[in-house]
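Here the structure is laid out as structure tokens; the discussion comes afterwards.
The values are calculated or read from the model by the stated rules, or taken from the named source; none is laboratory data. Since the structure is predicted, the reported quantities are computational estimates derived from the model, not experimental observations. All Cβ positions, glycine included, derive from the backbone under ideal geometry; neighbour counts span all protein chains shown. Quick note on the areas: whole protein, heavy atoms, side chains included, nothing else; ligands and nucleic acids left out. Shrake-Rupley method; radii C 1.70, N 1.55, O 1.52, S 1.80 Å.
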Amino acid sequence: IPSTISTISLQEASMPQTPPLSGLQGLVSGSLDALIQRLVPTLDYYPDLLSTHYPQTYIFTFLLSSRLFVPPDQLMVTVCRLALEPRHDDSQVDQMRIAELAPKMVQLLREWASSFPHDFRDERLIGSLKDLTQHLATVDQVYRKALGQILQDVMQSLAVQSRYQEVLLRVRSATAECWRVMETKSRAQRDLLSVCNDPFTLAQQLTHIELERLSYIGPEEFIQALDQKRQLDSNQPSNLGAYVDWFNRLSYLVATDICTAVKRKTRARVTEFFIDVARECLNIGNFNSLMAILSGMTMGSVSRLKKTWGKVKTASFDILEHQMDPSSNFSNYRRSLQGALQRSLSATSPREKVVIPFFSLLIKDLYFLNQSSPSRLANGHVNFTKLQEVSRQLREVMRWQEVESPFQMNCRIQTFLLTTPVLNEDGRSIIFTQPNQQPIKRHRLNVCRLGATPWLLLTMVPMCVFVCVC
């Protein structure tokens, strides 16, 4: 390991193979070149042990954070150059060295492609990978097959992502069409209770949507969200942005469904229904939908309906508000989240494994962690201690993303949740779009007026002032 890497223990430099946890605990900072050098395998060194007993922490941490300093395609070029550049005058000796090094390079690229498949959308990075394939194939054709399989797996992963983006586009288009159709229907035909009147079933379907959308967010998107310059420069669709849109949409859907009820008795019944749904979300471990529902119910247009709330049994609502109370940095919520995590670790059934955090607060925590210390120190070194903590939190998120929904999908309910128009202050439907997409025409329904909200920041909860005229 190059001596420009600062460590707590001087012994690390003389230990080519150490368990990743102890090695990384000693790594404090280093120059970018030295950290890249540490990523490159040698004959007697691999960044992380080739063992399932230790997590691949350095590889993941550096590949995740390196994009703050160098684009992935340039990093790939540098890694390939450092691994394959001649070390001896005798070409045969170099061929033998590359033959011994090849399995480790294949393993490194396999981990890269598995954790960050989006990096391989770049044609320049793919070009470097193909050049490496040609080079290793001169040693043994088996490496051509191995790298070809990695590339094939990446393409399959990207194809799945592409289909998901197409689904999101179809959902937005369906929302516009749904508005035209629903304007001709009566309230009884277009409210949520007519589609699903069981709180537990609706909470299950909300959890299904949450787990699906959460699973598509790549770890690099969190880093991009923290890096404002790269965020503005990116033209790629944002799965993270789509997930934030879902939270905002659910909040507006709750407020819209309550406010569009003409009769006070109906509004009270709808309000109590959403309280029951929120309670079921808490029991499942779906904190994001829980907070979205509470946000919708505490919007001005809903909270000002004093006579309606007078008919609502609010005991459960008060408990839920206490659980998600923002005071003391959401201390009540954080205790509940820890309890859900403990339950997940000792789970005996798929349902007990579900943990869906309050996403906006997660982004806020990452934001303040990123702002708490510089990514580069005064001496120009990369602050690896900070990057390790960001990586640790994102590895935990990735464990939550791996949980598959234990609930069967109900197409009718999900279609309603995803396509039913929601209203803004002028009684106009809101169709959430990504910043790089053309806005869809909005339609008007003169039922109620909901308070305006600009594009909600990732670190904020929608707290809008509503004016209800029904």
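Is it true that Ala261 is more than 19 Å from the chain's Cα centre (by Cα), at pLDDT below 95 and in a helix (DSSP H, G or I)? Taking the combined requirement at face value, the residue does not satisfy it.
Filtering region 297-306 for residues that are charged (D, E, K, R) and modelled with pLDDT under 95 leaves a non-empty set.
Cβ-Cβ contacts under 7 Å between residues 6 or more apart (or on different chains), taken from a first residue in region 118-140 that is part of a helix (DSSP H, G or I) to a second residue that is of a type in the set (Ser, Thr, Tyr), are listed as Leu136/Tyr143; Ala137/Tyr143.
Residue-wise test of (1) open to solvent by less than 30 Å² (accessible area, probe 1.4 Å); (2) more than 22 Å from Ala34 (Cα to Cα); (3) touching a residue at least 60 places away in the same chain (Cβ under 8 Å); (4) outside any loop (DSSP other than H, G, I, E, B).
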residue: Arg351; (1), (2), (3), (4): no, yes, yes, yes
residue: Lys364; (1), (2), (3), (4): no, yes, yes, yes
residue: Phe368; (1), (2), (3), (4): no, yes, no, yes
residue: Val390; (1), (2), (3), (4): yes, no, yes, yes
residue: Leu394; (1), (2), (3), (4): yes, yes, yes, yes
residue: Met398; (1), (2), (3), (4): no, yes, yes, yes
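When Ser65, Ser31, Ser22 are checked against the criterion of being out of contact with any Pro (no Cβ under 9 Å at 6 or more places or on another chain) and modelled with pLDDT of 90 or more, Ser65 stands alone in meeting it. Taking the conditions (1) of a type in the set (A, V, I, L, M); (2) more than 20 Å from the chain's Cα centre (by Cα); (3) closer than 19 Å to Lys364 by Cβ in turn, Val390 satisfies each one other than (2). In the set Leu129, Leu109, Leu43, Leu84, only one residue is closer than 30 Å to Leu377 by Cα and among the hydrophobic types (A, V, I, L, M, F, W, C); that residue is Leu109. Of the residues in region 77-95, at least one is in contact with a Pro (Cβ under 6 Å, 6 or more places away or on another chain) and surrounded by 15 or more Cβ atoms within 10 Å (Cβ to Cβ). When both residues are 6+ apart or on different chains and their Cβ atoms are under 6 Å apart, which pairs have a first residue that lies in region 94-113 and is without any contact (Cβ under 8 Å) to a residue 60 or more places away in the chain and in a helix (DSSP H, G or I), and a second that is open to solvent by 20 Å² or more (accessible area, probe 1.4 Å) and among the small types (Gly, Ala, Ser)? Short answer, once both residue conditions are applied: Val106/Ala146.
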